[in-house]
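**Student:** Here it is, the structure in full.
FYI, it's all coordinate maths here, none of it is from the lab. Source: prediction; values computed, not measured. Virtual Cβ from ideal backbone geometry, glycine too; neighbours counted across all protein chains shown.
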Amino acid sequence: MKLNEAFWDDRYKANKIGWDLGKISTPLKTYFDQLTHKELKILIPGGGNSYEAEYLHNNGFTNVFVVDVSQTALANFQKRVPSFPSNHLLHQNFFELTTTFDVLVEQTFFCAIHPDLRANYAKKAYDILTDKGKVIGLLFCVPLHTDHPPFGGNALEYKTYFESYFSVEIMENCYNSVASRKDTELFVKFVKK
């Protein structure tokens, strides 16, 4: 299975996006609601319909960026949130980014890439985050599919990817997951070393 632009674009065109909650997830909303620095440069990789970007934008955050290989996903988002700056919608591969950010928001992107790329994800996050930059968000903590996304995992595995580059400040069972993801998510906060 090639998890390339055509694969993801076809999923959005066919509306085969079972991971999409249709709204911001409660854990991320709770995290965002305590942020006070509205100029933080925030990246949402593999953002898709990106309800997180919409929520941040509607709450006055001015430097929110979404990167996705699916032009359809980005077009859907732009149509739904026309006031979002179009130059903050990046149609490219996360692994090819060269711009830096203060915060990387993880919401179903990590589980969508092939597990062989997970170490590369941690290194890329390190490379594009500013000093003391953070990866925050949700990772699945259950075994899922092995031959197609979403790919699952567990805390011990995830630490092996991130602990060389980041201090693991939080990696715990998520107490406020949406009902359909109850007991399947870890909330994480990794701070760049």
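**Student:** Looking only at segment 8-27, decide whether some residue is part of a loop (DSSP other than H, G, I, E, B), closer than 23 Å to H88 by Cβ and polar (S, T, N, Q).
**Tutor:** There is at least one residue in segment 8-27 that is part of a loop (DSSP other than H, G, I, E, B), closer than 23 Å to H88 by Cβ and polar (S, T, N, Q).
**Student:** Moving to a separate point now. Out of (1) over 21 Å from S167 (Cβ atoms); (2) over 15 Å from the mean Cα position of the chain (by Cα); (3) part of a strand (DSSP E or B), the odd one out for D131 is which?
**Tutor:** The single condition D131 does not satisfy is (1).
**Student:** Give the residue that is surrounded by the fewest Cβ atoms within 10 Å (Cβ to Cβ), with candidates limited to residues of segment 13-37 that are in contact with an Asp or Glu (Cβ under 9 Å, 6 or more places away or on another chain) and not charged (D, E, K, R).
**Tutor:** H37
**Student:** Sticking with this structure for a sec: Does T98 meet the test of being hydroxyl-bearing (S, T, Y), more than 27 Å from E5 (Cβ to Cβ), out of contact with any helix residue (DSSP H, G or I) (no Cβ under 7 Å at 6 or more places or on another chain) and exposed (fewer than 13 other Cβ atoms within 10 Å of the Cβ)?
**Tutor:** Spelling it out, it is not the case that T98 is hydroxyl-bearing (S, T, Y), more than 27 Å from E5 (Cβ to Cβ), out of contact with any helix residue (DSSP H, G or I) (no Cβ under 7 Å at 6 or more places or on another chain) and exposed (fewer than 13 other Cβ atoms within 10 Å of the Cβ).
**Student:** Just to be sure I understand, how many residues within segment 30-46 are under 16 Å from the mean Cα position of the chain (by Cα) and free of Cβ contacts under 8 Å to residues at least 60 places away in the same chain?
**Tutor:** The number of residues fulfilling the criteria is 1.
**Student:** Select from segment 110-151 the residues that are free of Cβ contacts under 8 Å to residues at least 12 places away in the same chain and out of contact with any strand residue (DSSP E or B) (no Cβ under 8 Å at 6 or more places or on another chain) and write down the one among them that is farthest from V188 (Cα to Cα).
**Tutor:** T146
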